[in-house]
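The values are calculated or read from the model by the stated rules, or taken from the named source; none is laboratory data. Since this is a predicted model, take the numbers as computed values, not measurements. Cβ sites come from the backbone with ideal geometry, for glycine too, and all protein chains shown count toward neighbours. These accessible areas exclude ligands, DNA and RNA; they are computed on the full protein's heavy atoms, side chains included. Shrake-Rupley method; radii C 1.70, N 1.55, O 1.52, S 1.80 Å.
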Amino acid sequence: MKRSSSNRKIQVFINFRGEELRCSFVSHLVDAFKRHGINFFIDKDEQKGKDLKHLFARIKQSRMALTIFSKRYAESSWCLDELARIKKRADKCKLRVVPIFFKVKAESVRYQKAEFGRNFWRLAKTSSGEQIKKWKEALESVSDKVGLTLGDKRTNKWVQMYING
């Protein structure tokens, strides 16, 4: 578990596929949050395959969720289960969600297309119909929200300036 130094209520839950982003974009985001005193949670120290109740509790404590979609995001049932919970809270107006599309198109996430879609459907083959339905609904709903697209150098430069203050 990674939190800012304050013991205040967690405000931002960061949902992402760790392998791709932990040591790049997310590390810059975390540094910026720390500098600006923003409380956050990432699942840095959670054991893979462990019960998600702890993470669901952190989502419930949060006021905002950043969902960082990447090409390999849909390889993780953990990420998709978190996303389904995030959608459920957002539907009740208890959580604001900001999607970030990191080197992936919103359309690929929304409709499970391209490499993102191939990864999703590979995982779906080993999942239940009900689980797949929840994941698809969450992907479609969250990816339809106003968010950020990162991938081209111009956008990345602007985001980097913003994060670095």
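Yes/no matrix, rows are residues, columns are (1) open to solvent by 10 Å² or more (accessible area, probe 1.4 Å); (2) in contact with a Leu (Cβ under 7 Å, 6 or more places away or on another chain):
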site	(1), (2)
Glu82	no, yes
Lys88	yes, no
Lys92	yes, no
Val109	no, yes
Gly117	no, no
Arg122	yes, no
I need a count of the residues in the range 112-126 that are touching a residue at least 12 places away in the same chain (Cβ under 8 Å) and either closer than 22 Å to Ala65 by Cβ or of a type in the set (Val, Ile, Thr) (or both). 5
Collect the residues in the range 60-80 that are open to solvent by 20 Å² or more (accessible area, probe 1.4 Å) and out of contact with any strand residue (DSSP E or B) (no Cβ under 6 Å at 6 or more places or on another chain), keeping them in residue-number order. Lys60, Gln61, Arg63, Lys71, Arg72, Glu75, Ser77, Trp78
Is there a residue in the range 127-143 that is under 12 Å from the mean Cα position of the chain (by Cα), open to solvent by less than 20 Å² (accessible area, probe 1.4 Å), touching a residue at least 40 places away in the same chain (Cβ under 8 Å) and under 22 Å from Leu29 (Cα atoms)? yes
Considering Ile38, Ile14, which residue is at pLDDT 90 or above, surrounded by fewer than 16 Cβ atoms within 10 Å (Cβ to Cβ) and in contact with a strand residue (DSSP E or B) (Cβ under 8 Å, 6 or more places away or on another chain)? Ile38
Give Ala84, Ala106, Ala114 a once-over and let me know the one that is in contact with an Asp or Glu (Cβ under 9 Å, 6 or more places away or on another chain) and more than 21 Å from Leu148 (Cβ to Cβ). Ala84
